[in-house]
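The values are calculated or read from the model by the stated rules, or taken from the named source; none is laboratory data. These numbers come from a predicted model, not from an experiment. Because the Cβ atoms are built from the backbone with ideal geometry, glycine has one as well, and the counts that use them run over all protein chains shown.
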Amino acid sequence: MARFQDLLENYEQYPVLIQVIWVFVVVLFFSILLGILLLKGVRVNLRQKEKFIYSYQKKVETCLIEYVYYEHERNTNDVFEKSFPREIIRGLSSRLKRKIILATMMKLKAEVSGEMTLPIHALFLKTRLFDFAKEKLDSDKWHIVALGIKSLSMFKVNSVSNVVMKHVNHERVEVRREAQLYFVNLFEFEGLDFLTKINAPLSEWDQIQLLAILNKFEDQKITGVGVWLSATNTSVILFALKLCRMYNLFEFKEAILALLIHDDKEVKIEAIKLLSYFQVPEAKERLKEEYHKLNLEERIIFFKMLEKSPVKEDLPFVLKYIQDLNFQINVSALKVLKILDVEKFKNLKKATLDQKSQEIIDFVAYK
Amino acid sequence: MDSSPLDISIYVFHFLFIVYTVLVILSYIILAAISAKESIEYVKKNSFVNYSEILNSDVAPSVSIIAPAYNESLNIVENVRSLLSCHYVNYDVIIVNDGSTDDSLEKLIDAYSLVKVRYLFDQPIKTKELREGVYKSTNPAFDKLIVVDKENGGKADALNLGLNVSDSKYVACIDVDCLLLEDAIQKMIKPFLEATEKKVIASGGVIRIANACIIKDGKLLEVNFPKKLLERAQVLEYLRSFLLGRMAWSRLNGLLIISGAFGMFDKKVMIEVGGYDTTTVGEDMEIVVRMRKYMKDTNTQYKVAYIPDPLCWTEAPDSYKILTSQRNRWTRGTIETLKMHRDIGLNPKYKSLGMLSYPYWYVFERMAPLIEIVGIVYLVFLILTERIRWEFAIAIFLAAYLFTVLYSLVAMFYEEFTFRQYKKKGTGIKLVVTAILEPLIFHPFILYAALRGNFDFYFNKKKKWGKMTRKGLSKMSINELKQK
């Protein structure tokens with residue numbers, strides 16, 4: 001006690017700086033003690049929570065499967081509320097349980113198809129799950145809104161489409177994405193109408209997700225591609241080009257040709273690639289004339305186009321580029337030459353002296 | 001005023017040390033706060049991401065995994081198998097055998113039915129010559145595999161050859177001895193595909209320590225906390241570095257380094273800047289700095305992304321000798337990179353890169369070991385000249401020590417609330433004990449290695465990579481399985 005007293009007395013005589021450091025040391029010491037206790041608590045808590053989630057999920061899963069099969073065997077479209085699993089109805093009042101129930105329903109929904117999904121939809125629509133999801137749409141927190149849209153999309157709730165439409169231009173990309181997926185999920189190709197309403201760019205990630213969902217639908221009636229190809233939002237044009245390729249929409253050839261003079265480099269490149277895929281001769285001629293105006297990347301893509309559908313008329317053009325400084329153009333030009341005029345190609349092989357060119361010619365000859 | 005010049009010097013020294021200590025502590029607190037914000041956002045953002053669509057998409061961009069290998073005969077077959085089992089639709093694996101003197105190539109040829117093929121590729125980046133050439137498998141199951149055998153030129157040179165060979169839009173550069181989780185590519189490619197306003201030029205992945213983990217057939221089956229303090233300390237160190245430091249720098253768009261063990265890059269930009277620098281041992285940091293500089297110079301809006309998910313697992317050194325050698329190299333790499341790009345430092349043209357990231361790395365990473373050793377020498381001087389104020393020295397030591405322990409605890413909390421890899425009962429207390437012991441036992445070795453790195457940088461220019469002996473992930477796992 002006396003020593004502690006001494007220490008305190010001495011402490012008061014220390015310069016302020018040293019006093020501050022000692023205070024800091026004491027604060028750190030107690031923070032660490034508190035931190036260790038908290039960490040222990042957090043770990044125990046998380047472990048218990050994980051156990052609970054696992055067991056409750058199993059319980060919900062069993063209930064749901066029994067319910068779905070029972071309703072399926074009853075073979076009726078009217079699902080009565082009294083047949084809803086009690087365990088699930090009871091669990092809806094707890095936030096964590098609700099979260100588990102919803103996740104399990106989503107999981108099960110993804111695993112079954114056709115009429116088997118109807119009881120799950122009914123369960124969502126006729127319980128408070130629907131109200132909770134709807135309420136989420138008005139939340140100030142972006143991730144809550146996104147989660148709300150996601151669940152409404154999953155359970156095909158089209159009555160809220162007007163509210164969801166408001167979010168297609170949300171400031172957060174995650175909310176925009178969920179809103180867009182909602183429309184495509186619910187209204188299939190017609191759902192793509194949102195493309196005329198969006199201001200923000202569609203990322204490549206968004207486009208991949210949309211295309212993956214569209215790919216699942218059998219009815220492939222696409223309207224609006226012409227409008228999207230002339231949109232002011234370049235990402236919409238890029239998406240429309242992808243749609244054209246995926247669904248072989250050759251009828252939009254003219255609109256795609258018009259994109260060859262688009263200001264955006266990426267649009268131009270994708271248009272060339274698509275025209276090359278469709279093997280449109282007009283595109284080839286137009287690009288030959290404009291070749292000097294193209295940038296390197298566009299030139300390389302153009303030569304890939306020539307490689308795909310070479311015709312005799314391409315020969316004079318190709319001959320100019322068989323010694324192009326760019327490796328890819330050089331190789332493409334030689335490949336085209338080999339197809340169009342084997343003799344000339346063989347002569348070129350004999351005449352070429354430098355080793356690098358010889359290697360390229362050998363490779364093209366071998367191929 | 002009767003103060004002698006020595007007293008004044010001591011006073012100035014005290015002042016400078018206090019300022020430095022306060023700045024270090026403040027910077028750590030700020031980084032932890034930013035990191036918390038970024039982690040919460042990341043978890044929220046990823047809570048409803050569906051990766052299955054990218055998995056099967058025909059329009060998913062192409063990715064090449066480039067893995068240089070030098071005398072990796074022990075594990076190369078297993079490791080390549082792990083790389084070939086990534087869940088992504090459009091990718092290939094390019095193994096660059098960098099002049100190995102062992103039977104790595106033969107093992108690959110046997111295991112994957114490889115045959116020599118004619119393979120034409122451009123060489124925008126100059127590299128060492130091919131040795132045996134390019135191999136592909138006759139077995140369609142290994143269609144994605146390309147093995148290139150070349151003259152030895154070091155890791156950077158091998159990666160450059162991989163860049164030349166790759167035909168993909170993006171490249172993932174990894175160490176061949178790392179274990180990639182199956183969803184690694186899907187997650188790493190996401191930032192590139194999500195970007196609309198700023199071009200993403202690179203995305204860095206988290207490296208986790210696989211020592212003591214159970215790995216079978218190239219798959220991570222069980223995460224375990226290692227037994228040795230040396231390995232445990234590295235687990236903690238990686239948690240601090242990846243969950244606190246890099247996460248925060250990612251939010252500030254100020255990441256200067258993407259670990260050489262696993263990172264994904266935009267190939268076009270990489271080639272435009274000339275690929276990896278073969279003259280430095282810190283090629284992973286150098287390329288990121290050069291790419292960032294290039295983007296600034298060409299006035300292009302860009303971002304270096306960061307994915308905190310534990311996607312890549314590697315074997316950490318389990319002996320002080322190997323650890324010292326590794327850290328020595330890291331130190332030299334940092335010094336070399338900062339020296340090469342010193343024109344960035346405090347240059348307003350480079351905005352946050354020049355005014356924030358570079359100075360931070362210079363003062364708190366590059367100079368830290370030197371300042372620390374000066375502090376120790378100064379302390380000894382004060383003791384010898386009987387000028388020491390023990391109440392001050394002890395307070396400073398305790399503050400620094402306790403702050404380090406607290407910072408490690410914060411990293412543990414972040415781990416618990418995000419990725420929770422060390423779930424087993426009892427691991428929490430082991431982590432706490434490690435946090436308490438690490439500054440006293442592990443840190444002195446790190447300091448020593450950093451000082452050796454400084455010494456070698458100035459006085460031993462010939463020193464390059466240093467030896468890194470590995471047991472092999474699968475071997476470790478087999479031993480663990482046997483024990484079980």
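Tell me whether the range B:189-200 contains one or more residues that are of a type in the set (A, V, I, L, M, F, W, C) and either part of a loop (DSSP other than H, G, I, E, B) or farther than 15 Å from residue B:307 by Cβ (or both).
So in the range B:189-200, the residues of a type in the set (A, V, I, L, M, F, W, C) come out as B:189, B:192-193, B:195, B:200.
Next cut, either part of a loop (DSSP other than H, G, I, E, B) or farther than 15 Å from residue B:307 by Cβ (or both) only: B:195.
Checked the range B:189-200: at least one residue is of a type in the set (A, V, I, L, M, F, W, C) and either part of a loop (DSSP other than H, G, I, E, B) or farther than 15 Å from residue B:307 by Cβ (or both).
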Is it true that some residue in the range A:262-280 is more than 14 Å from every other protein chain (Cβ to nearest Cβ), part of a helix (DSSP H, G or I) and of a type in the set (Phe, Trp, Tyr)?
yes
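Check the range B:180-197 and report whether any residue there is among the charged types (D, E, K, R) and under 28 Å from residue B:111 (Cα atoms).
At the first step, the residues of the range B:180-197 found to be among the charged types (D, E, K, R) are B:182-183, B:187, B:190, B:194, B:197.
Remaining after also requiring under 28 Å from residue B:111 (Cα atoms): B:182-183.
Yes, the conditions are met somewhere in the range B:180-197.
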Take the residues of the range B:117-164 that are more than 25 Å from the chain's Cα centre (by Cα) and part of a helix (DSSP H, G or I): which is nearest to residue B:274 (Cα to Cα)?
B:142
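Being farther than 23 Å from residue B:263 by Cβ, surrounded by fewer than 20 Cβ atoms within 10 Å (Cβ to Cβ) and among the basic types (Lys, Arg) narrows it down to one of B:107, B:169, B:126, so name that one. Explain how you work it out, then say what you get.
On the way: B:169 fails: farther than 23 Å from residue B:263 by Cβ; B:126 fails: farther than 23 Å from residue B:263 by Cβ.
Every option except B:107 fails the conditions.
Which is in the same structural domain as residue A:253 (by TED's automatic domain parsing) and aliphatic (A, V, I, L, M), of A:202, A:229?
Numbers: A:202 fails: in the same structural domain as residue A:253 (by TED's automatic domain parsing).
Result of the check over A:202, A:229: A:229.
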From (1) within 14 Å of chain A (Cβ to nearest Cβ); (2) at pLDDT 95 or above, pick out the condition that doesn't hold for residue B:393.
(2)
Which of the following residues is closer than 29 Å to residue A:258 by Cα, in contact (Cβ under 8 Å) with a residue 12 or more places away in the chain, within 14 Å of chain B (Cβ to nearest Cβ) and under 41 Å from the mean Cα position of the chain (by Cα): A:288, A:304, A:308?
A:304
How many residues are more than 9 Å from every other protein chain (Cβ to nearest Cβ), under 22 Å from the mean Cα position of the chain (by Cα) and either of a type in the set (D, E, K, R) or under 16 Å from residue B:435 (Cβ atoms) (or both) if we restrict to the range B:396-421?
6
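Quick test for you: out of B:355, B:367, B:340, pick the one residue that is within 30 Å of residue B:194 (Cα to Cα) and of a type outside the set (Gly, Ala, Ser). Before the answer, list the steps.
Values: B:367 fails: within 30 Å of residue B:194 (Cα to Cα); B:340 fails: within 30 Å of residue B:194 (Cα to Cα).
Within the list B:355, B:367, B:340, the selection yields B:355.
Can you name every residue in the range B:47-68 that is modelled with pLDDT of 90 or more and either touching a helix residue (DSSP H, G or I) at 6+ places or on another chain (Cβ under 6 Å) or within 12 Å of chain A (Cβ to nearest Cβ) (or both)? Write out each step before concluding.
Initial filter on the range B:47-68 (modelled with pLDDT of 90 or more): B:60-68.
Once the filter is applied, which keeps residues that are modelled with pLDDT of 90 or more and either touching a helix residue (DSSP H, G or I) at 6+ places or on another chain (Cβ under 6 Å) or within 12 Å of chain A (Cβ to nearest Cβ) (or both), the range B:47-68 yields B:60, B:61, B:63, B:65, B:66, B:68.
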Within the range B:429-448, is there a residue that is among the charged types (D, E, K, R), at pLDDT 95 or above, at negative phi and over 23 Å from the mean Cα position of the chain (by Cα)?
yes
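Could you list, in sequence order, the residues of the range A:203-219 that are part of a loop (DSSP other than H, G, I, E, B) and more than 8 Å from chain B (Cβ to nearest Cβ)? Before the answer, list the steps.
Just the residues of the range A:203-219 that are part of a loop (DSSP other than H, G, I, E, B), to begin with: A:203, A:215-219.
Across the range A:203-219, the qualifying residues are A:215, A:216, A:217, A:218, A:219.
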As an exercise: evaluate residue B:197 against (1) surrounded by fewer than 19 Cβ atoms within 10 Å (Cβ to Cβ); (2) in contact with a Phe, Trp or Tyr (Cβ under 9 Å, 6 or more places away or on another chain) and give the number of the one condition it does not meet.
(2)
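In the range A:111-146, which residues are farther than 22 Å from residue A:83 by Cβ and free of Cβ contacts under 8 Å to residues at least 12 places away in the same chain? Before the answer, list the steps.
Let us first name the residues in the range A:111-146 that are farther than 22 Å from residue A:83 by Cβ, namely A:134-146.
The answer is A:138, A:139, A:140, A:141, A:144.
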One residue is enough: does the range B:71-80 have a residue meeting the conditions within 14 Å of another protein chain (Cβ to nearest Cβ) and either touching a residue at least 40 places away in the same chain (Cβ under 8 Å) or surrounded by 20 or more Cβ atoms within 10 Å (Cβ to Cβ) (or both)?
no
Does residue B:365 count as on the phi > 0 side of the Ramachandran plot, more than 14 Å from every other protein chain (Cβ to nearest Cβ) and not aliphatic (A, V, I, L, M)?
no
What helices (runs of 4 or more DSSP H), lying completely within the range A:287-367, carry at least 2 residues that are under 17 Å from residue B:120 (Cβ atoms)?
A:296-308, A:327-340, A:342-351, A:355-366
Only one of these conditions is not met by residue A:236: (1) modelled with pLDDT under 95; (2) within 13 Å of chain B (Cβ to nearest Cβ). Which number is it?
(1)
For the range B:56-107: of the residues being part of a helix (DSSP H, G or I) and of a type in the set (Asp, Glu), which is nearest to the chain's Cα centre (by Cα)?
B:78
Answer yes or no: is there a residue in the range A:78-98 that is closer than 27 Å to residue A:191 by Cβ, surrounded by 13 or more Cβ atoms within 10 Å (Cβ to Cβ) and basic (Lys, Arg).
no
Out of the range B:117-129, which residues are touching a helix residue (DSSP H, G or I) at 6+ places or on another chain (Cβ under 8 Å) and either among the small types (Gly, Ala, Ser) or within 12 Å of chain A (Cβ to nearest Cβ) (or both)?
B:118, B:119, B:120, B:121, B:122, B:123, B:124
Any pair with Cβ under 9 angstrom, 6 or more apart, that starts in the range A:340-351 at a residue that is farther than 15 Å from residue A:318 by Cα and ends at one that is surrounded by 11 or more Cβ atoms within 10 Å (Cβ to Cβ) and of a type in the set (Gly, Ala, Ser)
A:346/A:365; A:349/A:365
Just a yes or no: is a residue in the range B:42-52 surrounded by 14 or more Cβ atoms within 10 Å (Cβ to Cβ), out of contact with any strand residue (DSSP E or B) (no Cβ under 6 Å at 6 or more places or on another chain), small (Gly, Ala, Ser) and assigned to a loop (DSSP other than H, G, I, E, B)?
no
One residue is enough: does the range B:123-134 have a residue meeting the conditions of a type outside the set (S, T, N, Q), touching a Leu at 6+ places or on another chain (Cβ under 8 Å) and within 30 Å of residue A:214 (Cβ to Cβ)?
no
Single condition residue B:218 does not satisfy, out of (1) more than 14 Å from chain A (Cβ to nearest Cβ); (2) touching a Lys or Arg at 6+ places or on another chain (Cβ under 7 Å); (3) modelled with pLDDT of 95 or more
(3)
Filtered residue count, the range A:133-184, keeping only those that are of a type in the set (Phe, Trp, Tyr), under 22 Å from residue A:103 (Cβ atoms) and either in a helix (DSSP H, G or I) or within 14 Å of chain B (Cβ to nearest Cβ) (or both):
2
